[in-house]
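The values are calculated or read from the model by the stated rules, or taken from the named source; none is laboratory data. On a predicted model such as this, the values are computed, not experimentally measured, just so you know. Here the Cβ is made from the backbone with ideal geometry for all residues, glycine too, and neighbour counts use every protein chain on show. Side chains are part of the model used for accessible areas, which takes the heavy atoms of the whole protein and leaves out ligands, DNA and RNA. Shrake-Rupley method; radii C 1.70, N 1.55, O 1.52, S 1.80 Å.
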Amino acid sequence: CHHDGVSKKKVVDELLGGLLPPNMDRRTCRSRYESSQYYKHFPYAASPYLLSKLRAYEARHRRCAPGTPLYAKAIDQLRSNPNRSVESTECRYIVWLPFDGLGNRMLSMVSGFLYALLTDRVLLVDLPQDSSDLFCEPFPGATWLLPPEFHGVVGLDLFRLGPSPDISYTSLVASNRIKNATVATPAYVYLSLGYQMTDGLFFCGDDQRELAKVNWLLLYSDLYFVPSMYAVAEFNDEFRRMFPGEFKESACHLLARYLLHPTNAVWGMVTRYYDTYLAGSDRRIGVQIRMFGFGSIPVNDMYNQILACSRQEHVFPETTDDDDDQDVATTPNSNNNNSTAVAILIASLYPDYYERIRATYYEHAAKGGVRVGVFQPTHEERQATQMLFHNQKALAEIYLLGFCDELVTSGMSTFGYVGSSLAGVRPAILLPAHGHKVPATPCRRAVSMEPCNLTPPRVEMECRGKAVDKEDLARHVKVCEDYDKGVKFF
Ligand code: GDP
């Protein structure tokens, strides 16, 4: 595998090679300083340019964060004339709004943060109660939490707007409320970049020049839209300096490790589980099984797909009767403590796959006396994004996947995408059962550790063909393994 050499060396210090800022409080966020002990792979170090961008970002965030005079000024302007921007201020913001499940949210946070880096904005997050104790403050000496008064200042319940087209950027353009010399730039703009991609115009260079004048952008997205930002000519150079050459595969990997740190409550679950069940193994295989309504198949079929994938990609330890060879003689005493131990970690809403895989290794010996433990921290049965405790458990499992040596993930699942990016692993991606038909190919090895943008904008149409250098794009962005309408870096 491409990154083995680097992974084994463990060259990385607790600040991940300067990725994380020094001198933050250890006790309030233990994960920031401890996670380097748990990650297995460090395939990419941040480029010097990315590091300089991050340090500059942190300084800007400190100047502009809630509680500073510049923040107060930006809010005053918004309050005094919410429909028109008075003047461009030193501090311009992008406000992240929650949308969809945790994996989706983490991907849109990372995307919003990269946008802030590219456009010299400040990222603030509007976290609802269900997310209040998930993530640590990522930036030194300042908060990233949007003060709740903000809703009152703009006179909107931002948690309820949804893909609301009438105040979205595209509607403003359509009604000439922006991009019209006689109308002043609006004080804020709502960007609806979710799976419906209401504001595909966002990805056009001309529109980015308009948006640069707007002090407040409200980001509503459940997507990893970074690959589509790359295609915007205005961002392309800057992006390449941050992630030169093959490093573009590390965009989400590095930005997620930089930005998202579980709070102590979540970290307690992660470390208790890891230390108890996973730490003693030589190799940890994470398996994330997501059953979407559109592609549900019976448990047996899914289980067979997992096994077929494992055989194809050589993931699970083989059992002695996988084929009819005479392996019995070579199977040594399995209670030999010197034999290899493999842990299979299952993340799923359901207990079924865990039961079957565990039974397999109970009923059959693994070749070579390998000891196989099978573990699943929870089976929550159904998604409950409104519940903090449910989300904490989901986040803990995403991190446990991030601490695996190898991964099998479910296609089109952002939960799995984040796990792979954190781990720095190219997973074997189980293909979705479109139309409830078991796919002929059980899985594909991912071309990169990057998430798929499941709903890319149709830039050609939206931007009147202007934005893309097709040849360059073809060298960097590919159709996703698991979804032919999605795109990803490779
Ligand atoms: P996606 O729907 O697969 O793209 O992933 P999301 O994370 O956006 O939404 C799925 C949500 O369902 C998660 O955030 C969890 O709330 C829940 N969920 C799905 N799979 C699991 C799992 O394996 N473990 C836990 N604890 N929760 C899960």
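Leaving out ligands and nucleic acids, note down the accessible area per residue over the chain with a 1.4 angstrom probe, in whole Å². Spelled out: the 1.4 Å probe surface of the chain, per residue, equals 41 Å². By accessible area, using a 1.4 Å probe on protein heavy atoms only, region 264-489 has 50% of its surface on carbon and sulfur. The residues Arg458, Arg444, Arg92, sorted by heavy-atom accessible surface at 1.4 Å with ligands and nucleic acids left out, run Arg458, Arg444, Arg92 from largest to smallest. The magnitude of the dipole of region 4-259, with charges of +1 and -1 set on the Cβ of Lys/Arg and Asp/Glu and taken from the Cα centre, is near 620 debye. Extension gain, Gln37-Arg475: 0.36 nm per intervening residue step, less the Cα-Cα distance, totals 154.2 nm.
If R0 is taken as 45 Å, the Cβ-Cβ distance between Glu58 and Asn300 corresponds to a FRET efficiency of 0.30. Here the chain is treated with +1 on each Lys and Arg Cβ and -1 on each Asp and Glu Cβ, and its dipole about the Cα centre works out to around 1260 debye. For the chain, the relative contact order works out to 18 percent when only alpha carbon pairs closer than 8 Å and six or more residues apart are counted. Since only Asn176, Cys136, Leu20 are under comparison, the one whose Cα sits farthest along the positive direction of the charge dipole of the chain, derived from C-beta charges on Lys, Arg, Asp and Glu, is Asn176. Applying a threshold of 30 Å to the alpha-carbon distances of Lys179/Lys248; Lys437/Lys488; Lys367/Lys437; Lys40/Lys488 flags Lys179/Lys248; Lys367/Lys437 as lying beyond it. Dividing the summed helix terms, -39500 (n - 2.57) for each DSSP H run of n ≥ 4, by the number of residues in the chain produces a 222 nm estimate of -10500 deg cm²/dmol to the nearest 500. Across the options Gly162, Tyr350, Asn453, the greatest Cα extent toward the positive end of the charge dipole of the chain (unit charges at beta carbon of Lys, Arg, Asp, Glu) belongs to Gly162.
In the complete set of protein chains, residue-level accessible area for Glu380 is approximately 60 Å², probe 1.4 angstrom. Separation of region 343-387 and region 244-292, taken as the distance between their Cα centroids, equals 17 angstrom. Tell me the angle of helix 388-402 to the major Cα principal axis of the chain, expressed in degrees between 0 and 90 and rounded to the nearest ten. Roughly 60 degrees, rounded to the nearest 10. Amide H contacts for Leu218 (H built 1.01 Å from N in the peptide plane; partners 5 or more residues away or on another chain; cut-off under 5 Å): Val95, Val189, Tyr190, Leu191.
Using +1 on the beta carbon of Lys and Arg, -1 on that of Asp and Glu, and nothing else charged, what's the dipole of region 264-489 about the Cα centre, debye to 20? That gives a dipole near 800 debye. Helix 299-313 axis versus longest C-alpha principal axis of the chain: approximately 80°, rounded to the nearest ten. Helix 48-64 and the long axis of the chain differ in direction by around 50°, with both axes built from C-alpha atoms.
Among residues other than Glu380 whose Cβ falls under 10 Å from its Cβ, what is the net charge (Lys/Arg +1, Asp/Glu -1)?
Once positives and negatives cancel, what remains is 0.
Surface calculation, 1.4 Å probe, protein heavy atoms: Lys437 sits at approximately 150 Å² accessible. Spacing of the modelled spin labels on Arg209 and Glu363, each 7 Å from Cα toward Cβ, amounts to 6.7 nm.
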